[in-house]
Structures are given as C-alpha cells and as structure tokens.
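The values are calculated or read from the model by the stated rules, or taken from the named source; none is laboratory data. Bear in mind that the values here come from a model prediction, so they are computed numbers and not experimental data. All Cβ positions, even for glycine, are placed from backbone atoms using ideal geometry, and neighbour counts span all protein chains on display.
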Amino acid sequence: MAIQAFTTAEKHSHNSHKFAFTLSPTNYGFWKTMIQPFLITNNFFQYVDGSLPCPSQTLPGVSTEAQPKTQQNPDYAIWILNDAHVRMLIISTISEASFPHVQGDTSRDIWLSLARAYAPQSISREYTLKSQLLKIEMQPEESISTFLSRAKEYAEALANIGEPVKEKDLVMFVVSGLYDEYNGLKSNLLA
C-alpha cells in the first residue's frame, strides 16, 4: 500500500485548527480527550499509535549475481514528511511547562513520552502533583484568583488519578502558600 503525502491544502487546514487549550502539567486527560479525536478524524492517529510504522528506507531492486541492488523506497520519504507534520501539530498543543516531556524523533515517540509523564496510572505523576501542591506558593505578581486556580488544578489532577485531596488539606496548603501580604488572613484562617 502506497502512503499518500498530505497535500498543501490539507496541511493548511490542519494548521489553521486552533485548540481551546494546551497540555499543561495538570490537564493531560482533558488534552488527550481533545487531541485524539482530531488525530483520528484526520487520519493521523495511525502515525501516533504505531499502526502505520515507518517503512524501510530502501527496497530490494533487481540484482545480479555479482552485485545486489537496492532502490529508495518512495513511501519512506512521504512517511517522514507526514510524521513530521503530525509531530508539529502535537507540539503546537503543548504548553511551555510541558515541553520538557516532548522527547523522541517521531510522533509516536512524543505521544508515548507524554503518556509516560502524565498518564493517570503513573506513580511519578502522583508524586509530582502532590509535591507541587505541598510546595505551592503564591508568586509576588500573581493574583489571588490565579493562585487559587493553580491550587485547584493540582487538586483536580490528583482527583482525576484517584488521589483526591481532602478539602481541609487543600485549604491548609493554599493558606500556607499565600504571599506575605496576606499574613493577617493566614493567622485568622489557621486559628
């Protein structure tokens, strides 16, 4: 079966699609729910799930007894270009905070590295989220609503992997992470 290259019109259509949000350290489940149908409906998921593996770079050619001959496989070059396009689309949906987890040379490599980093069953994922929540601190230029949203994201991400945070513990983490100007509030809430 010959692999078809994506046309310029198809690439333009794919690139013009804007997603509602990007992958962050706390929203892997939502991100996957959004990106996977896009990949499937555009016939990209076969690159990501490994069902369309990279073809051999060369094909056996006509050979003589003295000299075996090979020829370039045209499907190889097309697959490389198509996979690079799929990688670019996936990478365009990833936040700066999640970018360190983008590892590998193919779209499948990237997909698997993101799953390893963020999939719900990952013990390291649980540890990372709990550590982030335990050490959460309000940044000097951060609004209280942004800080609270960030804490809520960590708590929701933990709940999504089956490790919900008790409400009283969440309040304790948030209050202890408030910026110094809220010291009076801290005292009242912790009393």
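Across region 136-191, the qualifying residues are those that are basic (Lys, Arg) and more than 18 Å from Ser24 (Cα to Cα), and the one among them that is modelled with the lowest pLDDT is Lys186. Looking across region 18-53, the residues that are part of a loop (DSSP other than H, G, I, E, B), at pLDDT 85 or above and touching a Lys or Arg at 6+ places or on another chain (Cβ under 9 Å) come down to Asp49, Gly50, Pro53. Residues in region 124-158 that are within 19 Å of Leu114 (Cα to Cα) and among the aliphatic types (A, V, I, L, M): Leu129, Ala157, Leu158. Residue count for region 85-100 under the criterion of being assigned to a helix (DSSP H, G or I) and touching a strand residue (DSSP E or B) at 6+ places or on another chain (Cβ under 7 Å): the result is 1. Taking region 101-131 as the range and being modelled with pLDDT under 90, outside any helix (DSSP H, G or I) and surrounded by 14 or more Cβ atoms within 10 Å (Cβ to Cβ) as the test, the residues that pass are Ala119, Pro120, Ser122.
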